[in-house]
1. Mind checking the full-extension length gain between residue 118 and residue 300? Use 0.36 nm per residue of separation minus the Cα-Cα distance, one decimal, nm.
2. Count charges around residue 340 for me, please; just the other residues with Cβ under 12 Å from its Cβ, Lys/Arg as +1, Asp/Glu as -1.
3. Using the count of nearby Cβ atoms within 10 Å as a rough guide to exposure, how do 97, 342 rank from fewest to most?
4. Can you pull out the GluC sites (Glu not before Pro) in the stretch 339-413 whose DSSP state is coil and whose Cβ has at most 16 other Cβ atoms within 10 Å?
5. Between residue 356 and residue 219, with labels modelled 7 Å along Cα→Cβ, what's the label distance in nm to one decimal, could you check?
6. Note down the net charge around residue 233, summing +1 for each Lys or Arg and -1 for each Asp or Glu among other residues with Cβ under 12 Å from its Cβ.
7. Here is the link list: 224/311; 197/293; 219/406; 293/502; 193/311; 224/395. Which ones come out longer than 29 Å on Cα distance?
8. May I ask you to list the aspartates and glutamates whose Cα is less than 12 Å away from that of residue 418, ignoring any residue fewer than eight positions away on the same chain?
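Read-outs: derived from the displayed coordinates by stated rules, not from any lab. This is a predicted model, so every value here is computed, not measured. Here the Cβ positions follow ideal geometry from the backbone for every residue, glycine too, while neighbour counts run over all protein chains shown.
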Amino acid sequence: MLRRNQSPASLNNSHHSHISRSSSSSQISSTRFDIESSAPTNHTSVHNNTSNKMMNADADIPSSTAPLTSSSSLFTMNINRSESMAYASHTSLGTQWSKFVYYVRYNTKTFVIGVGLVLVMLVLLMDSSEGGSSGNSSSRGIYIRGSGSSSYARDHWGGAVHPGYFSVADSVEDDHTFHFAAVTDLDKLSVVKDSNKPLFRSTLLPGILTRDASSHRYKIEFEKPRTLVSQHNEAGRGMELSELTVYQNRLLSFDDRTGTVFEILSSDDGNDSYVVPRFVITEGAGDTDKGMKWEWATIKDNELVLGSMGKEFTGPNGEIENTNNLWVAILNERGELRREDWGSKFNFVRSLVGASSPGYIIMEAILWSDHLQRWVFLPRRISSTEYDEVADERKGSNRVVLVNDKFTEGEVVEIKMKASDMDPLHGFSSFAFVPGTNDQHAMAVRSVEEDCTGADEDCKQRSYIMVFDVLTGDVLMDEVHIDIAEKFEGIEFVNIYTTPPKWNKI
């Protein structure tokens, strides 16, 4: 063991000598103190002494058979150490680790506070990332649906604070009884004339569809209608609602004049309904201030696909002024919007029904079927001749067009309607698949606009509902007249008596 008063030369001369076992206890203690507690005055001397100590390890380690006093035992423990405990390891990693441990030991409070702040920042960052990456989210608090329910920590579709609370599943009373609702597009007749401010209305009509278990035929019962109102308008037109769809548990309707996507909400007791706008979407590729003329909506791959009538906009002499109504808009579950030009797809359908240019189709009822893996088109009007607004009122159709996803194959099914229901004024304006039928049975609205190209007071509107088999064309319920002289253009299986949950902020 190296003593402070021992020179390097004397250390080197002791290569073959043994450290005396008869050293006194005080000498051993003094030697241990000198090594572990005192800093060397000469770095070179310490390095050489340490090296010689390692070289003479065999000579310095006492025999295992020699008797040891308590002092010699302590001495042996110090000799067996790989290095002096007074200094850090000679590696840079060991030096840095020793410094870190030293800092933590003497700055414990500061270290704990720092770690706590880092953890809080990580939690906040994780919470922010779960709010979505659409770039337009903002903190609105956390809401819970009653007690024992899951919490919602991010904004919801269309900027709404709360999630939706409608579903098609809730419309099913049993295997043969279904709640539904229909909504009107009154065109210019939607204005509320006795209002002090611009106000526009639409009728929401609930009902129940029932299927006979033995015959599989349907019957219908209408319930008390509700009135939806809004001041949103474009050039004095508004609330011309042309479709009804449940998406993201929200009951949605679409204004074919302003391009507004409305959400229909229930009063607290479920006995009334009102609308709030969620999106306003312009027509075509979007580079215009004209609202899109929405006519149909469907859900495909968990996205909401919105479309128009599938016909070019033509002037008085038949020339094409724009093709904006051949575009569709697609909204995803985060409220992000993209657009697609469906011109080639509509032309494919036109060719299947013999309506290629200069002929045309007018589409107001299109759905995608997950079960059938087909697009289902119910043209409202089909014409093999050039568009004429007066003649157009009598171009009603009774055909279904089924098209594969790639729009490379399609078939036309004729609906086997009785002769009295084949009035050419009647045309499909909306339909919905009956729940539990694998999208094979459809409940459809057929609406009428008669003498509506002239003065408003001459325009006569009426609507009918029927049920048929999409694949065979068999009629399962003949047309039933709706005893309200209005043009219904949207229908969906939904229970509008659903009450909103009691949302509690926490």
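1. Values: separation 182, 0.36 × 182 = 65.52 nm, distance 4.26 nm.
Separation in residues times 0.36 nm, less the Cα-Cα distance, equals 61.3 nm.
2. Local charge sum for residue 340: +2.
3. Going from least to most buried by this count: 97, 342.
4. When the GluC sites (Glu not before Pro) of the stretch 339-413 are filtered for loop state and at most 16 Cβ neighbours within 10 Å, 386, 409 remain.
5. 4.8
6. So the surrounding residues net to +2.
7. 224/311; 219/406; 293/502; 193/311; 224/395
8. Leaving aside aspartates and glutamates fewer than 8 places away in the same chain, those within reach of residue 418 are 474, 478, 479.
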